[in-house]
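The values are calculated or read from the model by the stated rules, or taken from the named source; none is laboratory data. This one's a predicted model, so the numbers in the text were calculated from it and none came from an experiment. Positions of Cβ are generated from backbone atoms using ideal geometry, with glycine treated the same way; all protein chains shown enter the neighbour counts. Each accessible area value is taken on the protein alone, full model and side chains, heavy atoms only, with ligands, DNA and RNA left out. Shrake-Rupley method; radii C 1.70, N 1.55, O 1.52, S 1.80 Å.
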Amino acid sequence: MTLAEFPMARAAGCPFDPPPALRATTEEGPLARVGLWDGSTPWLVTRHAEQRALLGDPRVSADITRPGYPSQAPIPKGSVPISFILMDDPEHARLRRMVTAPFAIKRVAAMRPAVQKIVDDLIDEMLAGPAPVDLVQAFALPVPSLVICELLGVPYADHDFFQDNSKVLINREVEPEQRTAAHGALLGYLDGLMGEKISHPVDDLLSGLARRVTAGELTREEAAQMGVLLLLAGHETTANMIALGTLALLENPGQLALLRETDDPKLVASAVEELLRYLNITHSGRRRVALADIEVGGQVIRAGEGIILANDIANRDPEVFPDPDRLDIRRDARRHVAFGFGVHQCLGQPLARMELQVVYSTLYRRIPTLRLATELEKIPFKHDGSVYGVYELPVAW
């Protein structure tokens with residue numbers, strides 16, 4: 001089966017659900033052909049078991065430069081340095097290891113009190129100001145931006161600059177030249193910071209990369225590119241989870257009540273996993289290309305053929321998650337693929353989980369009468385982005 005385009009806008013009736021056309025494809029089988037912007041027809045993998053099998057298969061490549069890779073948009077040759085998440089081992093593993101330590105579970109746990117203070121301070125500011133307020137600008141964006149800036153060693157005063165350019169990078173509808181310019185602006189910015197860290201290193205992640213540059217383990221461009229990736233991923237995804245998760249809970253008041261009234265950290269953690277499964281803010285699918293012929297789901301993916309792994313559909317697989325369209329924070333949703341699977345699974349997932357646990361256990365308890373200040377139909381959703389969410393979320397109390 002060939003679809004006209006992937007990804008597609010989510011259902012208007014329920015903005016949390018995957019597109020109906022993808023749903024129909026899933027029911028026909030675990031694999032289907034999908035049409036892309038360039039006329040190519042890579043394989044779309046929809047079911048949970050097949051996705052995990054392929055994401056863990058060394059015969060599948062994440063290298064964006066390989067022929068057959070199903071890119072989301074045209075990539076001008078030589079215009080954008082390659083991030084390590086778009087590389088294969090051993091180079092992927094070499095670069096990833098250089099930034100793994102700050103995201104280790106124990107290191108992240110030690111950050112929890114600081115994140116709690118950030119969350120509480122922002123809530124204090126909201127409560128002291130006028131209502132309604134846009135939760136995105138007042139809370140959802142500042143929380144992860146402040147956290148990742150502190151971790152990396154990036155001045156938060158520059159947040160408007162990096163957030164504006166990040167929006168361009170994740171917008172599928174902008175021209176390639178605009179995306180290249182935005183990436184160049186961010187790369188230049190991080191390169192400047194890297195120069196400062198090389199001259200005057202302190203105790204932050206960018207300084208750690210700077211020491212590796214000085215030691216000859218990394219080029220300065222590689223270090224700056226890693227900074228761009230961490231800065232972008234560190235605030236965009238979590239910010240959208242905070243805002244979209246709040247909207248989903250407001251639309252499911254029974255689940256919101258359970259979360260608001262609990263003092264059980266296990267239920268809070270469960271709620272985070274369920275919302276990650278249910279919302280799937282990275283809804284453009286993980287992109288790969290086959291290095292060899294691979295038999296999966298009754299089909300043979302030939303060497304050189306592109307593969308798109310649609311995690312929003314896999315996380316609604318009824319074989320793994322019964323009644324998958326129901327939000328149930330008591331569900332054991334830990335097998336979701338929101339963070340991927342295998343060697344390329346999200347490096348920052350411990351930090352994202354911790355931030356979301358702090359937010360979801362604090363915001364609704366401290367503002368128990370939180371409510372939408374507009375109609376659901378009037379909320380602008382990010383159908384044009386590779387990261388799904390809302391542009392605005394007016395709330396009152």
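A compact table of results
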item: Cross-chain or 6+ apart pairs with Cβ under 7 Å, the range 96-107 first and under 16 Å from residue 207 (Cβ atoms), then surrounded by fewer than 17 Cβ atoms within 10 Å (Cβ to Cβ) and among the hydrophobic types (A, V, I, L, M, F, W, C); result: 107/101
item: Some residue of the range 282-305 being at pLDDT 95 or above, crowded, with 20+ Cβ neighbours inside 10 Å and farther than 29 Å from residue 40 by Cα; result: no
item: Qualifying positions in the range 242-262 - among the acidic types (Asp, Glu) and either outside any loop (DSSP other than H, G, I, E, B) or modelled with pLDDT under 95 (or both); result: 261
item: Any chance residue 80 is over 19 Å from the mean Cα position of the chain (by Cα), modelled with pLDDT under 95 and open to solvent by 20 Å² or more (accessible area, probe 1.4 Å); result: yes
item: Residues within the range 155-169 that are among the aliphatic types (A, V, I, L, M) and buried (at least 17 other Cβ atoms within 10 Å of the Cβ), tallied; result: 2
item: Selected residue [crowded, with 19+ Cβ neighbours inside 10 Å and either more than 20 Å from the chain's Cα centre (by Cα) or not basic (Lys, Arg) (or both)] from 73, 101, 109, 140; result: 140
item: Filtered residue count, the range 351-374, keeping only those that are in a loop (DSSP other than H, G, I, E, B) and open to solvent by less than 10 Å² (accessible area, probe 1.4 Å); result: 1
item: Condition check for residue 347: at pLDDT below 95 and crowded, with 17+ Cβ neighbours inside 10 Å; result: yes
item: Close pairs from the range 229-241: first assigned to a helix (DSSP H, G or I), partner β-branched (Val, Ile, Thr) and open to solvent by less than 10 Å² (accessible area, probe 1.4 Å), Cβ under 6 Å, at least 6 apart; result: 234/148; 235/148
item: Test: residue in the range 249-268 that is touching a residue at least 60 places away in the same chain (Cβ under 8 Å), within 27 Å of residue 49 (Cβ to Cβ) and either buried (at least 23 other Cβ atoms within 10 Å of the Cβ) or within 23 Å of the chain's Cα centre (by Cα) (or both); result: no
item: Residue list for the range 375-385, restricted to those being surrounded by fewer than 15 Cβ atoms within 10 Å (Cβ to Cβ), under 21 Å from the mean Cα position of the chain (by Cα) and touching a residue at least 40 places away in the same chain (Cβ under 8 Å); result: 384
item: Test result for residue 327, part of a helix (DSSP H, G or I), open to solvent by less than 10 Å² (accessible area, probe 1.4 Å), in contact with a helix residue (DSSP H, G or I) (Cβ under 8 Å, 6 or more places away or on another chain) and aliphatic (A, V, I, L, M); result: no
item: Test: residue in the range 287-295 that is under 30 Å from residue 209 (Cα atoms), in contact (Cβ under 8 Å) with a residue 12 or more places away in the chain and either in contact with a helix residue (DSSP H, G or I) (Cβ under 8 Å, 6 or more places away or on another chain) or outside any strand (DSSP E or B) (or both); result: yes
item: Residues satisfying the stated conditions in the range 187-231, i.e. open to solvent by 60 Å² or more (accessible area, probe 1.4 Å), more than 22 Å from residue 86 (Cα to Cα) and in contact with an Asp or Glu (Cβ under 9 Å, 6 or more places away or on another chain); result: 211
item: Some residue of the range 173-186 being touching a Phe, Trp or Tyr at 6+ places or on another chain (Cβ under 9 Å), in contact (Cβ under 8 Å) with a residue 60 or more places away in the chain and surrounded by 14 or more Cβ atoms within 10 Å (Cβ to Cβ); result: no
